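In what follows, a structure is listed as structure tokens, so that the remarks can point back to it.
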């Protein structure tokens, strides 16, 4: 029974990862709009990697097993599509790191981390009001 459960989880892992990322993102929310965009970028790159592994696997006799081998990093032959899948997974991981650590990036540029949660929207409204006032003068 335990072997069946571990085998099922191992098989479902590529499809569970995006669901878990989206669930955590919805539960914690986004403080800055850039975090949302980086999360979407990560999911798009992850989806591209799954498709690239699928295209790679269609060139073999055992399509399903080769797809899983490519996903877990041990394909029989590393084709261009397989390497593109690895590349996209790496970029997806970097994108998630940017989404999670956006506060650190803002600190690097000297921005205030204790700003209100909707600071970006407030600043846009403030700039629009300022521009409208300057055009009236």
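The values are calculated or read from the model by the stated rules, or taken from the named source; none is laboratory data. Keep in mind that this is a model prediction, so the values were computed, not measured. A quick note on method: Cβ atoms are made from the backbone with ideal geometry, for glycine too, and the neighbour counts reach across all protein chains shown.
Of note:
- Members of region 55-77 found to be without any contact (Cβ under 8 Å) to a residue 24 or more places away in the chain and surrounded by 14 or more Cβ atoms within 10 Å (Cβ to Cβ), listed by number: 57, 60, 66, 67, 69, 70, 75
- Close pairs from region 3-19: first at positive phi and at pLDDT below 80, partner surrounded by 10 or more Cβ atoms within 10 Å (Cβ to Cβ) and part of a helix (DSSP H, G or I), Cβ under 7 Å, at least 6 apart: none
- The one condition in (1) modelled with pLDDT under 80; (2) more than 25 Å from residue 40 (Cβ to Cβ); (3) outside any helix (DSSP H, G or I) that residue 115 fails to fulfil: (2)
- The set of residues in region 1-59 that are more than 29 Å from residue 81 (Cβ to Cβ) and outside any helix (DSSP H, G or I) comprises 1, 29, 30, 31, 32.
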